[in-house]
1. Looking at the structure I just gave you, is A62 at pLDDT 95 or above, over 15 Å from Q9 (Cα atoms) and over 10 Å from the mean Cα position of the chain (by Cα)?
2. So I10 passes all but one of these: (1) surrounded by 13 or more Cβ atoms within 10 Å (Cβ to Cβ); (2) part of a helix (DSSP H, G or I); (3) not basic (K, R). Which condition number does it fail?
3. Is at least one residue of the range 47-59 surrounded by fewer than 17 Cβ atoms within 10 Å (Cβ to Cβ) and at positive phi?
4. Between a residue in the range 31-42 that is part of a helix (DSSP H, G or I) and any residue that is of a type in the set (D, E, K, R) and exposed (fewer than 14 other Cβ atoms within 10 Å of the Cβ), which pairs come within a Cβ distance under 6 Å, given they are 6 or more apart or on different chains?
Amino acid sequence: MSTRDVPEQIGDLPKIGRPATSALLHIGVESLAEVAAMSRRELLALHGVGPKAVCLLEAALANAGCALREPE
């Protein structure tokens, strides 16, 4: 699937860019609640997810009163 075929935004996730959105869709993540179950390290390990996308996700989670899972 080309990133051109990926929606700009999915579910309640912020606009994080098509490569990052595609990476999340590839692993079945479509909501902030599902992102909250991941750690920063897990997100950054996904091809297409960079520091900017993670910061946008963290800000959206903070606005929702949530945060990323702490690394083990």
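The values are calculated or read from the model by the stated rules, or taken from the named source; none is laboratory data. Just so you know, these numbers come straight off a predicted model, no measurement behind them. Here the Cβ is made from the backbone with ideal geometry for all residues, glycine too, and neighbour counts use every protein chain on show.
1. So A62 passes the test.
2. If we test I10 against (1) surrounded by 13 or more Cβ atoms within 10 Å (Cβ to Cβ); (2) part of a helix (DSSP H, G or I); (3) not basic (K, R), just (2) comes out false.
3. Looking for residues that are surrounded by fewer than 17 Cβ atoms within 10 Å (Cβ to Cβ) and at positive phi, one finds none in the range 47-59, hence no.
4. L32/D12
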